[in-house]
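Below: the structure, in structure tokens.
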Amino acid sequence: MGVKVVRDAVVHQFFASASRNALLGHIGALEKALQRYSANPSIVPPRIVRDTPKSGTLHMIMPVIDDTYCGVKTLGFNPNGNTGFVGSVNVVEPDSGALVGVVDAKVLTAVRTAMSSCIGLLKFIDLLGPSVTVTVYGTGLQAFWHLFLASRLLEGKDVSANILYRSKRMESKELERYFPKLKINQINVSDSAQVSDVVAKSGIIFGCIPSERPSILAAYLDKEGAPFTYVSLIGSYKPHMHECDESLINYFKDQKAGIIVDSTNDSLLESGELIDAKVAPEQLVELGKLSENSKNLKALFPHQRQVVLSKIVGIAIMDVSVASGLLQSMANESD
């Protein structure tokens, strides 16, 4: 069988058409991959970051070397171009090193991040009532897939979605086609009064905007609203970036409530929210250790609101494991 090359459009269609049970299977497989990482972080060696000498194009090479998952994610960024990050995930057989397949990285990156956010969400989904308000900061691929996967996982519930945008609204036709009962409201993130109101009522909040100034404030969750709120932040990935304010982090610090992360080491190197708040490593709980965790993960806010916080910065095992599952599923379908 020849090597399979899977383009972004095919990745999109595969996961968009997947059933709830199929998505649960992919999310479960990702959690198992993260358990392997947590048990042995050395399976994800340090990435290589270099600029090409003439064009100045940034290249990142991120390997994974494990007995189950093996491959490499590559990304390139030309500051003079208008394509953003372009790259691929190469999956190889761990025993032989033979190439299994190549998957475009753009859509896959958004899907695997949204799945990572949903690992934590699924642990607490029973705390959500029959009606759920989901608020998403952002309108790009990350925001789209977070809202899409959450809507699929919340099948059977009455779901309302708030999409908070900076300059351009999200194209919502596909969401409306797949989820005709989904109620969508789009709000400019600069409308602080309306943003504060919808965030307070939210049972799920996804932060998908790279931001230097926090836009998710503890004051929003201090207001009376949903009795339980799950917050996952994925937009900021450098030490100078902040999606939420320090006051929100301090609720968890002061109550010694755990904060969910994908990688303790990488989060404390890349997450400005955690770095500036001086969060200790022992207060973080990796996704790969959630099933064995005994630490309290719910911080108590005013009006008896319980809040769970997740911060995802992204590691290559996510890409390689999800790409591997995608390639295997496509191979099974073609048999």
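The values are calculated or read from the model by the stated rules, or taken from the named source; none is laboratory data. Fair warning: this is a prediction, and the values are worked out from it, not measured in the lab. Methodologically, a virtual Cβ is constructed for each residue, glycine included, from the backbone with ideal geometry; neighbour enumeration extends over all protein chains shown.
Any residue at all in region 298-310 that is outside the structural domain of residue 120 (by TED's automatic domain parsing), surrounded by fewer than 19 Cβ atoms within 10 Å (Cβ to Cβ) and touching a Lys or Arg at 6+ places or on another chain (Cβ under 8 Å)? Among the residues of region 298-310, not one is outside the structural domain of residue 120 (by TED's automatic domain parsing), surrounded by fewer than 19 Cβ atoms within 10 Å (Cβ to Cβ) and touching a Lys or Arg at 6+ places or on another chain (Cβ under 8 Å), which makes the answer no.
Of all residues in region 123-143, one or more are under 27 Å from residue 43 (Cα atoms), crowded, with 23+ Cβ neighbours inside 10 Å and touching a Gly at 6+ places or on another chain (Cβ under 9 Å).
Can you confirm whether region 138-145 contains a residue that is in contact with a strand residue (DSSP E or B) (Cβ under 9 Å, 6 or more places away or on another chain), β-branched (Val, Ile, Thr) and outside any loop (DSSP other than H, G, I, E, B)? So far as region 138-145 goes, no, none of its residues is in contact with a strand residue (DSSP E or B) (Cβ under 9 Å, 6 or more places away or on another chain), β-branched (Val, Ile, Thr) and outside any loop (DSSP other than H, G, I, E, B). Of the residues making up region 178-208, those that are under 23 Å from residue 116 (Cα atoms) and either among the polar types (S, T, N, Q) or not in a loop (DSSP other than H, G, I, E, B) (or both) number 7. With respect to the conditions (1) without any contact (Cβ under 8 Å) to a residue 40 or more places away in the chain; (2) buried (at least 21 other Cβ atoms within 10 Å of the Cβ); (3) in contact with a His (Cβ under 8 Å, 6 or more places away or on another chain), residue 220 falls short on a single one, namely (3). One residue alone among 151, 167 is out of contact with any Lys or Arg (no Cβ under 9 Å at 6 or more places or on another chain), assigned to a loop (DSSP other than H, G, I, E, B) and surrounded by fewer than 23 Cβ atoms within 10 Å (Cβ to Cβ), and that residue is 167. For residue 229, the conditions (1) among the hydroxyl-bearing types (Ser, Thr, Tyr); (2) crowded, with 24+ Cβ neighbours inside 10 Å; (3) over 17 Å from residue 158 (Cα atoms) are fulfilled apart from (3).
Quick grid of which residues meet (1) of a type in the set (Ser, Thr, Tyr); (2) crowded, with 19+ Cβ neighbours inside 10 Å:
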residue	(1), (2)
79	no, no
85	no, no
89	no, yes
95	no, no
104	no, yes
112	no, yes
117	yes, yes
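Of everything in region 21-42 that is over 19 Å from residue 327 (Cα atoms) and in contact with a helix residue (DSSP H, G or I) (Cβ under 6 Å, 6 or more places away or on another chain), the residue that is surrounded by the most Cβ atoms within 10 Å (Cβ to Cβ) is 37. Looking at 271, 263, 291, just one residue is at pLDDT below 95, out of contact with any helix residue (DSSP H, G or I) (no Cβ under 7 Å at 6 or more places or on another chain) and among the hydroxyl-bearing types (Ser, Thr, Tyr), and that residue is 291.
Pairs linking a residue in region 272-287 that is more than 23 Å from residue 317 (Cα to Cα) to a residue that is of a type outside the set (S, T, N, Q) and buried (at least 20 other Cβ atoms within 10 Å of the Cβ), with Cβ atoms under 6 Å and 6 or more positions apart or on different chains, are 273/242; 273/244; 273/249; 277/249. Condition check for residue 324 on (1) in the same structural domain as residue 205 (by TED's automatic domain parsing); (2) modelled with pLDDT of 95 or more: one failure, at (1).
Considering only residues in region 216-246 that are out of contact with any strand residue (DSSP E or B) (no Cβ under 6 Å at 6 or more places or on another chain) and small (Gly, Ala, Ser), the one that is farthest from residue 196 (Cα to Cα) turns out to be 236.
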